[in-house]
Amino acid sequence: MHKSRRERNEKRVVAMALSLMMAASMLAGCGGSKNESADTGKGSAADAAAEEGSEEKGEMKVPEEITLYTYYAENAITEVDETLKRLKEIYPDTTVNIEHRTDSDGTVLKTRASVGELPDIFECPGTLVDVFKKSKDLVILDDAVEESGILSKFIDGSCDAKKSEDGHFYAIDSTAPQACLIYYNKDVFKNLNLEEPKNYDEFKEVVKALADSGVIPMALFGQEKWPGLMMFDIASIGQGAYEGITGLDDGTTKITDPAYEEAAKKIEELVSLGLVGKSALNTNASQAYEYLAAGQAGMLISGNWFFDEMVNKGYDNLDYFRYNPFTDAGKEEETQWHMSGGTGMPDGYGVSAKGEYAEFCSKFVMDWVYIRQVVAAENGAVTALKEEVKPLKERPECFQDYVDHIPDFKSTTKFEWSLDNREVLVALEDASELLNTGSYTAADFMDTLKEQIPELLGE
């Protein structure tokens, strides 16, 4: 029998309560057109659903409603709503209930899985794929991938990273070119006669000038730990450690390498100059975005998806750094286009294997991923779609400049939520947070990680 909504809600309350208890004890912290999608179609989930059902397998169950766990805030709200609107034309009899993803590391999903209350479809971080494979909580999506023809809709190879080591798809999405960038307010810089810094000496002068003028130099949204850690990643790249935090996670580099110590020293110095505001740890992403746009802050660290925010909010006074500002003078061209963030991994949207409508959801998620990418492209986002989708609004000049330079990228690291070793990630997050508060010296930072990381990697 299908569980009543009351029963589901009761179990969900239990799951969320357990999530809060777990979160409190953990050190981890944490981000074609409508006609085309309906008509292009032999491989769509709708057609596959209509043709499914033999005497052996029985007719596929089509649910009245399903749950989809995904990020549903900021500019994602408009994108998700439009995607669901188009999906309603394909699946008129099914209502999709969106549940907002509240973390990026999968803590909530782990807890919900432990009580058998995973959403029907959910964003599955790469760190959880292996965990849920072992617990048999994920549907193997190979058949649905093949039947839908979804791989043919994206640039060749853009979905390769989504395939697990055993050769199966447990989550699906495409890997679009991404990067973690430093943005700045052009009006603030112009008023203070500042230019985009290309090296560390120039960067220090920018930080000093912003702080002296009463402007927060860097709007770091410290309520989430990842921006602070990604700043260390950018700083490490600036010292020539192009593997960044990814190398520390997989053991290809050592925390004892001079580049990491130099990166920590530069962050310590910048923090002492007032790089981040005193309220950084209490600042969320929305507040940081507003600080930058309103000129209350001069700079911001975020992913390239912040360009989407520029389009949706009409920000026309922002730009991004094209050079790594942690680089020593004379080495600017060497480090340019070695990017922080962007390396793909086997994450994406997964389907609960223990859900009543797993077969239906396996087909539905293919259309969800494809149409979501089309909508994102229409909103100006960079996607891996083969088809050309013209943005509904003209991209800001700096956004188009970023897109034009994507072919120049020389290397990428992983965003922090893509790191494989959860314990190493926590150690890096915590040490970076302390370094950014000014309560930790670079020596403290290095001493802590020199002790922790080798032990966590079993060295």
Mind counting the residues in region 142-180 that are hydrophobic (A, V, I, L, M, F, W, C) and more than 19 Å from Q373 (Cα to Cα)?
1
Could you give every pair whose Cβ atoms fall below 7 Å, whose first residue belongs to region 323-338 and is at pLDDT below 95, and whose second residue is among the hydrophobic types (A, V, I, L, M, F, W, C), counting only separations of at least 6 or pairs across chains?
none
Of the residues that sit in region 273-290 and are under 22 Å from the mean Cα position of the chain (by Cα) and open to solvent by 60 Å² or more (accessible area, probe 1.4 Å), which one is modelled with the lowest pLDDT?
L281
Out of everything in region 409-459 that is surrounded by fewer than 18 Cβ atoms within 10 Å (Cβ to Cβ) and small (G, A, S), what residue ends up being nearest to S340 (Cα to Cα)?
S411
Return the residues of region 134-163 that are in a strand (DSSP E or B) and open to solvent by less than 70 Å² (accessible area, probe 1.4 Å); say none if nothing qualifies.
L138, F154
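Residue by residue, here is whether (1) open to solvent by 30 Å² or more (accessible area, probe 1.4 Å); (2) among the charged types (D, E, K, R) holds:
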{"residue": "Y71", "(1), (2)": "yes, no"}
{"residue": "I77", "(1), (2)": "yes, no"}
{"residue": "E82", "(1), (2)": "yes, yes"}
{"residue": "L87", "(1), (2)": "no, no"}
Selection from region 318-366 of residues part of a loop (DSSP other than H, G, I, E, B) and under 14 Å from P119 (Cα atoms) yields A353, K354, G355, E356, Y357
Restricting attention to region 298-319, report how many residues are closer than 19 Å to W226 by Cα, of a type outside the set (D, E) and open to solvent by less than 20 Å² (accessible area, probe 1.4 Å).
8
Restricted to region 227-251, and to residues that are of a type in the set (D, E) and crowded, with 24+ Cβ neighbours inside 10 Å, which residue is nearest to F445 (Cα to Cα)?
D233
If we scan region 164-185, do we find a residue that is of a type in the set (V, I, T) and part of a helix (DSSP H, G or I)?
no
Residues of region 171-195 being more than 21 Å from G238 (Cβ to Cβ) and open to solvent by 20 Å² or more (accessible area, probe 1.4 Å), in sequence order, are D173, T175, K186, D187, K190, N191, L192, N193
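The values are calculated or read from the model by the stated rules, or taken from the named source; none is laboratory data. What you see is a predicted model; the values in this text were computed from it and never measured. No Cβ is skipped: glycine too gets one built from the backbone with ideal geometry, and neighbour counts run over all protein chains shown. With ligands, DNA and RNA removed, areas are computed over all heavy atoms of the protein, side chains included. Shrake-Rupley method; radii C 1.70, N 1.55, O 1.52, S 1.80 Å.
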